[in-house]
Amino acid sequence: MKSQLSILFCIALFCSCAEAPKEETYVPQQYSIEQFYQNTRIGGGAFSNDETKFLVHSDESGIFNLYEISVTDGSKTQVTNSTEESFFAVDYVPGTGQILYSADKGGNEIDHIYLLNEDGSSTDLTPGENEKVGFGGWSADNQFMYYYSNKRDPQFFDLYKMNIGDWSSEMIYQNDNGLDIGDISDDEKYFSIGQPVTTSESKLFLMERESGEMTEISSDEEPGNYFSSGFSKDSKYFYYQTDVGKEFSYLVQYEIETGEKQTIFETDWDVSYSYLSENEKYRVIAINEDGKNSLVMIDNSTGQEVDLPSIEDGDISSVGISESETLMRLYVSTSKAPGNLYVYNIETAELKKLTENLNADINSDDLVSAEVVRYPSFDGLEIPAIYYKPLTASADNKVPALVWVHGGPGGQSRVGYFSLIQYLVNHGYAILAVNNRGSSGYGKTFYKMDDQNHGEKDLQDCIYGKKWLQSQDYIDSEKIGIIGGSYGGYMTMAAMTFTPDEFNVGVNIFGVTNWLRTLKSIPPYWEAFREALYTEMGDPNTEDSVRLYNISPLFHASNVKNPIMVLQGANDPRVLQVESDEIVEAVQANGVFVEYVVFPDEGHGFVKKENEINGYGKVLTFLDKYLKGEETAEEPES
C-alpha cells in the first residue's frame with residue numbers, strides 16, 4: 001500500500017516572491033460549534049432481504065438511532081426513538097421484518113444484542129447483567145445467529161449459536177485459553193482461532209470442530225501478524241492476511257486439505273481487509289494507502305479487476321455487496337465532508353449518493369482539504385502526518401497551530417472528516433496530525449519503533465512536528481499547542497510534563513496519565529490481549545513498573561508550566577475518571593490553570609451531540625484565550 005512517492009512541502013512554496021503580485025486571501029465564513037455538530041454521522045448499512053433499503057444508525061436525533069434508507073431514492077425513515085442510549089445497527093433477521101441492534105449503558109462498553117420486533121417492541125437477547133457480546137454472523141442456512149459472549153467467564157469470549165425464532169442458544173466453542181475466535185466455515189466444520197503474542201505478532205490456527213484438532217497456520221520460525229479473512233463456501237480454502245517476511249500485510253490462500261499456501265494479493269501498503277461476496281463472484285480488498293483506503297474488487301471468474309467509481313478526495317471506510325451480487329454499499333468521506341452512503345450498481349456502473357451529511361448551513365468551500373506531509377524527526381526518521389492549513393493563513397496573517405496525536409498506541413491519523421478538526425481550522429488554527437513512530441499503516445518496522453519507548457522517541461516525533469510547523473512562514477511560532485485523545489491524551493500530558501517549555505497549551509481528551517493503574521485495571525474482557533499489551537508497554541507487576549512510573553505524567557505533574565484542558569467520560573472503562581481527577585488536582589496544586597470537563601453519561605469517546613457541542617465548544621474558548629491570547633472568545637451565532 002505504500003507508494004514510495006513522498007508528498008513533501010517546500011517552505012518556498014508558501015513564500016511570496018517580491019516581484020509577484022500579492023494574491024487575495026479567501027476569507028471563509030466562520031461557523032459555530034452547533035453548526036459543525038449539526039452534521040450527521042452514519043454507520044451500518046445492511047441490505048434488507050429484498051435489497052430495497054439499508055439499515056443504518058445515525059445521530060441526527062442527537063444520539064444514534066436506527067433508520068432505514070431507500071436504495072432507490074435515499075428517503076429515510078426513523079425506526080427507533082431512543083433518547084437515553086445510542087442504538088447501533090447490526091442486521092436484518094433473515095426472512096423476517098425483524099432487526100438486530102446493539103447498545104450499551106452510558107458508554108460502559110458492555111454491549112448487548114437486541115431484537116426489534118415488527119410491532120416496535122424490543123427484546124434483549126443477551127440479558128446477562130455484565131455480559132458483553134459481539135455479533136458473529138448468520139449460519140449458511142439462515143437458521144441461526146452466531147455471537148460471542150463472556151457471560152460464562154468475564155475474561156474470555158465463548159462462541160454461541162442462537163436459533164432464529166425461539167432465540168434459544170447453545171455454546172459451540174468454550175474458550176478457556178484467551179484465544180480470539182474468528183471466522184466459521186459454512187459447514188461449521190472449521191473455526192479460525194487467533195492468539196495475540198505482542199501487538200505486532202500473533203498466531204493463527206484452524207480448529208476442526210468435531211475433533212478439536214488445531215492446525216497452526218502461523219510459523220514459529222518467522223513470526224508476524226495474522227488476521228483471518230474467511231473461508232470459501234465449499235470449505236476447501238481458508239484466507240488470511242499476514243506480514244510475515246514483508247513490511248506490509250498481504251493476502252494468502254491456504255488449501256485446508258494439503259496445507260499449500262499461495263499469496264493471492266499484495267501491494268506496497270497494508271491489506272486492511274478482504275472478503276468474498278455471497279456466491280464468491282467477487283473478492284473485495286481494501287488497502288490502507290498513505291492514510292486513506294483504496295479499494296480493489298476482483299471478478300473471480302476472470303481474475304480481472306472490476307472498474308469502480310472514483311470519488312475525488314474520497315476515503316472509502318467500508319463496503320458491502322448485496323446477496324444478489326448486483327449492488328454495492330459504500331461509505332465515503334472526504335476531508336471536507338462526513339461519511340456519506342452511496343450505492344453502486346455493479347452491472348450498470350451507476351453510482352448514487354444517498355445521503356448528504358454535511359450541515360446544509362456549511363459551505364464546503366469554507367473548509368480545508370487535508371494534505372499528506374512528511375518531516376524528519378530528531379534522528380532523521382521520516383514522519384508522515386496529515387495537515388490542515390487555514391484558508392486565512394499567510395506570511396502577513398500568521399496563525400497559531402496544534403500538534404494533533406491519534407489514539408492507540410498503534411493508531412493512525414487518516415485523511416478524512418473530523419468535525420472538531422475542521423471547527424478549529426475554520427477558527428484559524430493550523431493542525432498537524434502526526435503519525436509518530438509506532439503508528440500503524442507504515443510498515444511493521446515503523447510500527448514497532450515505540451515498543452517500551454513511549455513518552456520518549458514518539459514524543460520527540462511530536463516535538464519535531466512542532467518544529468516543522470514553526471518552519472512555515474505563516475505559523476505564529478510562539479503559539480503552538482498539543483491535543484489528543486486516549487493515547488493522544490497521554491502524549492499531550494507527556495509533552496506538558498516531560499518537555500514543559502515546548503507547547504503553550506495542552507488539551508487532553510480522556511488520556512492515560514498513570515500507566516501503572518491503567519495497565520492493572522484494564523477491563524476483564526481484554527484478558528486475551530493483556531500479555532500482548534504488556535509486551536509493548538511493560539508489565540506493571542514486574543521491574544517494568546519503574547519505567548512505567550517514570551513515563552506516567554501524574555508523577556511528574558509538578559513540572560507543568562502551561563495551561564491544560566482535560567475532557568473525560570465518567571463511564572470510561574479504559575481510562576478511568578480517577579486518572580483525570582488526579583492529574584487535574586496535581587496540576588492545579590502547581591498554581592497552573594486547568595479546565596476540567598466531565599460527562600456523566602459518556603465513556604471512552606463521546607457520542608451525544610449535546611456533549612460534543614458543550615465540550616468541544618469549550619476547547620475553542622480555551623485555545624482562544626490561552627493559545628491565541630484573546631481575552632474573550634465569543635461564538636458566532638448559528
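Computed values, structure above
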quantity	calculated
Test: THR445 is surrounded by fewer than 22 Cβ atoms within 10 Å (Cβ to Cβ) and either aliphatic (A, V, I, L, M) or touching a strand residue (DSSP E or B) at 6+ places or on another chain (Cβ under 7 Å) (or both)	no
ASP187 vs. criteria in a strand (DSSP E or B), under 24 Å from MET207 (Cα atoms), of a type in the set (Asp, Glu) and in contact with a Ser or Thr (Cβ under 6 Å, 6 or more places away or on another chain)	no
Filtered residue count, region 365-398, keeping only those that are crowded, with 20+ Cβ neighbours inside 10 Å, of a type in the set (Ser, Thr, Tyr) and in a loop (DSSP other than H, G, I, E, B)	1
Tally of residues being β-branched (Val, Ile, Thr) and not in a loop (DSSP other than H, G, I, E, B) across region 401-416	2
Test result for ASP458, closer than 20 Å to ILE509 by Cα and either without any contact (Cβ under 8 Å) to a residue 24 or more places away in the chain or in contact with an Asp or Glu (Cβ under 7 Å, 6 or more places away or on another chain) (or both)	yes
Selection within region 253-280 - under 20 Å from ASP299 (Cβ atoms) and among the aliphatic types (A, V, I, L, M)	ILE264, VAL271, LEU276
Any hit, region 460-471, residues being basic (Lys, Arg) and in contact with a helix residue (DSSP H, G or I) (Cβ under 8 Å, 6 or more places away or on another chain)	no
Pair list, Cβ under 8 Å, 6 or more apart: region 142-170 residue at positive phi, other residue among the β-branched types (Val, Ile, Thr)	ASN142/ILE164; TRP167/THR123
Yes/no for LEU204 being at pLDDT 95 or above and within 30 Å of THR445 (Cβ to Cβ)	yes
Residue under evaluation LEU308, criteria (1) more than 23 Å from the chain's Cα centre (by Cα); (2) surrounded by 15 or more Cβ atoms within 10 Å (Cβ to Cβ); (3) not in a loop (DSSP other than H, G, I, E, B), criterion not met	(3)
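Residue-wise test of (1) modelled with pLDDT of 95 or more; (2) over 19 Å from GLY488 (Cα atoms).
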site	(1), (2)
VAL587	yes, no
ASN590	no, yes
VAL597	yes, no
ASN614	yes, yes
VAL619	yes, no
PHE622	yes, no
LYS625	yes, yes
THR632	no, yes
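For every residue, the table says whether it meets (1) charged (D, E, K, R); (2) surrounded by 16 or more Cβ atoms within 10 Å (Cβ to Cβ); (3) touching a helix residue (DSSP H, G or I) at 6+ places or on another chain (Cβ under 8 Å).
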| site | (1), (2), (3) |
| --- | --- |
| SER102 | no, yes, no |
| GLU109 | yes, yes, no |
| ASP124 | yes, no, no |
| GLU131 | yes, yes, no |
| MET145 | no, yes, no |
| GLY178 | no, yes, yes |
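The values are calculated or read from the model by the stated rules, or taken from the named source; none is laboratory data. Because the structure is a prediction, the values reported are computed rather than measured. A quick note on method: Cβ atoms are made from the backbone with ideal geometry, for glycine too, and the neighbour counts reach across all protein chains shown.
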